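The values are calculated or read from the model by the stated rules, or taken from the named source; none is laboratory data. Bear in mind the structure is a predicted one, so any value in this text is a computation, not a measurement. Note that each Cβ is placed from the backbone with ideal geometry, even for glycine, and that neighbours are counted across all protein chains shown. What goes into the accessible areas is simple: the full protein's heavy atoms, side chains included, and nothing from ligands, DNA or RNA. Shrake-Rupley method; radii C 1.70, N 1.55, O 1.52, S 1.80 Å.
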Amino acid sequence: MKKIIAANWKMFKTAEETKQTITELNKLLENIPLEKKEILIFPPFTSLETAVTTNNNDKIAIGAQDLYPAKEGAFTGEISPAMILACGATWVLTGHSERRHIIKEDNALVGQKTIFALASGLNVVACIGETLEQREAGNLYDVLAEQLQQTLAKLPTPLSPERLVIAYEPVWAIGTGKTANAEDIIEAHTIIRELLKNIIGVSAMQTRILYGGSVKPENAQEILSLDNVDGLLVGGASLKADSFAKIISA
Ligand code: 13P
């Protein structure tokens, strides 16, 4: 299975800025071999359509950063999977730590969003990860187990393994410049692989597990070479086309 290099643009970039960055990235990617990589970009909702129409590289797929788990209805401010698909986007993030901690989404809602998105035809990158307090209290395993079990409790079957991706993002490493070290990453990704085997069975061996948290061009290659790391989810360092292109070519 190809490694995934994903860009989460969070609440950055207008449609015009999105157009500029993707145009620049398309040019840079002409010189990078992409046979073994899949690239995902998650711009804000207001840039989705622009991202899709500007992108002329069939190796880049576009996704939304969130969804609401209903077909349509009186849900002011929310966006449905059908609306995301209609923009030409094919992926969505669920459970990002900023939504868990700032917007107060709980595991149950993250689970509903994940299942509804998959059932609606979107591919999902479901994010999990512990806070520093949870890690220091020795709760890494329990936190990951709880998040994964609730996220994946009612997966539609059959589900082809490339449609569901897990991103491990330790909260303390996001936007802090503190990348988890190799041992931390291997430990967490091994736990996630074992938990996945219990929850979804043999297809867990083909489920891609991404690492996210202060990834930059300087550390991308080392992290990508670690056991059970099947890609990267990049925030800040994905905002500039040249920096993201360096991570893609790592
Ligand atoms: P940073 O790469 O800025 O630490 O953000 C990581 C992240 O949250 C990606 O989803």
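Binning the alpha carbon pair distances of segment 99-250 at 5 angstrom intervals from zero yields the distribution 2, 9, 19, 23, 20, 16, 10, 2, expressed in whole percent.
Under the criterion of Cα pairs below 8 Å and six or more residues apart, the relative contact order for segment 99-250 equals 21 percent. The shape of segment 7-64 can be summarised by an equivalent ellipsoid whose semi-axes, obtained from the alpha carbon gyration tensor, come to 19, 12, 9 Å from longest to shortest.
Across the options ILE199, GLY129, THR54, the greatest Cα extent toward the positive end of the charge dipole of the chain (unit charges at beta carbon of Lys, Arg, Asp, Glu) belongs to THR54. Under a model in which nothing but the beta-carbon of Lys, Arg (+1) and Asp, Glu (-1) is charged, segment 2-137 shows a dipole of about 260 debye around its Cα centre.
Along its first, second and third principal axes, ordered by size, segment 1-127 spans 44, 33, 26 Å in Cα coordinates.
Counting alpha carbon pairs within less than 8 Å and at least 6 residues apart, what relative contact order, in whole percent, applies to segment 103-183?
Relative contact order for segment 103-183 comes out at 41 percent.
Rank MET83, VAL165, PHE244 by how far each Cα sits towards the positive end of the charge dipole of the chain (+1 on Lys, Arg Cβ; -1 on Asp, Glu Cβ) and give me just the farthest. After comparing all options, I get MET83.
When a 1.4 Å probe is rolled over the protein heavy atoms, the share of accessible surface on segment 135-229 that falls to carbon and sulfur comes to 49 percent.
Annotation for segment 202-229 versus segment 16-84: alpha-carbon center distance of 21 Å.
Stretching the chain fully between HIS101 and ASN56 yields a gain of 12.7 nm (0.36 nm per residue, less the alpha carbon separation). The distance between label points at THR76 and ALA153 comes to 2.9 nm (points 7 Å beyond Cα on the Cα→Cβ vector). Note that segment 107-250 presents 41 Å² accessible area per residue, ligands and nucleic acids not counted, probe 1.4 Å. This model, with +1 at the C-beta of Lys and Arg and -1 at the C-beta of Asp and Glu, gives the chain a dipole about its Cα centre of some 480 debye.
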